[in-house]
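As structure tokens, the structure follows; a few thoughts come after it.
The values are calculated or read from the model by the stated rules, or taken from the named source; none is laboratory data. Model, not experiment: these values are computed from the prediction. Glycine also receives a Cβ, built like all others from the backbone with ideal geometry; neighbour counts cover every protein chain displayed. Heads up: the accessible areas ignore ligands, DNA and RNA and are worked out on the full protein's heavy atoms, side chains in. Shrake-Rupley method; radii C 1.70, N 1.55, O 1.52, S 1.80 Å.
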Amino acid sequence: MKKMFKITAPEGLHARPAALLVTAVTPFECDVQLTYKEKSVNLKSIMGVMAQGVAPGSTVEISAVGPDAEKLFQTITEVMVSKGIGEEC
């Protein structure tokens with residue numbers, strides 16, 4: 001499964017929003033990747049996510065493979081919207 005999100009947080013995917021996303025996806029069994037500018041990192045790695053340097057207004061792709069991918073995407077979408085991190089494209 002894949003979904004695209006536009007990052008709306010004024011600081012982009014810096015420490016706080018990255019930590020919120022990593023914390024939200026860590027309990028899931030899925031392998032989950034965040035892709036930005038053709039570079040993919042494990043979304044369960046806060047250092048990997050922050051190293052991407054995702055700027056406000058950027059579009060990222062999140063992909064997941066595993067038994068609970070559908071539930072993972074519900075959680076990601078909920079966290080993105082409710083915490084003001086981003087919106088689904």
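Just a few scattered comments:
- In a reduced charge model with +1 at each Lys and Arg Cβ and -1 at each Asp and Glu Cβ, the chain shows a dipole moment near 220 debye about its Cα centre.
- Calculated FRET efficiency for the pair E78/E11, C-beta based, R₀ 25 Å, to 0.05: 0.80
- In the chain, Cα pairs under 8 Å separated by at least six residues give a relative contact order of 47 percent.
- Against the chain, whose longest principal axis comes from its Cα atoms, helix 69-82 is set at around 30 degrees.
- The chain: angle of helix 15-25 to the longest principal axis, Cα-based, in degrees nearest 10: 10 degrees
- Applying a DSSP loop filter and a limit of 14 other Cβ atoms within 10 Å to the trypsin sites (Lys or Arg not before Pro) in region 4-58 leaves K37.
- When the chain is described by a simple charge dipole with +1 on each Lys and Arg Cβ and -1 on each Asp and Glu Cβ, the residue from P56, I76, G66 located farthest towards its positive end is P56.
- Rolling a 1.4 angstrom probe over region 10-89 with all protein chains present gives an accessible area of which 54% lies on carbon and sulfur atoms.
- Heavy-atom accessible area per residue - region 16-89, 1.4 Å, Å²: 52 Å²
- Working note: 222 nm ellipticity from helices only, DSSP H runs with n ≥ 4, each -39,500 (n - 2.57), summed and divided by the residues of the chain, gives -10500 deg cm²/dmol to the nearest 500.
- Distance distribution P(r), the chain, all Cα-Cα pairs, bin width 5 angstrom from 0: 3, 17, 30, 30, 16, 3, 0 percent.
- Straight-distance crosslink candidates among lysines, where the alpha carbon sits under 23 Å from K71 and sequence neighbours closer than 8 are dropped: K2, K3, K6, K44, K83
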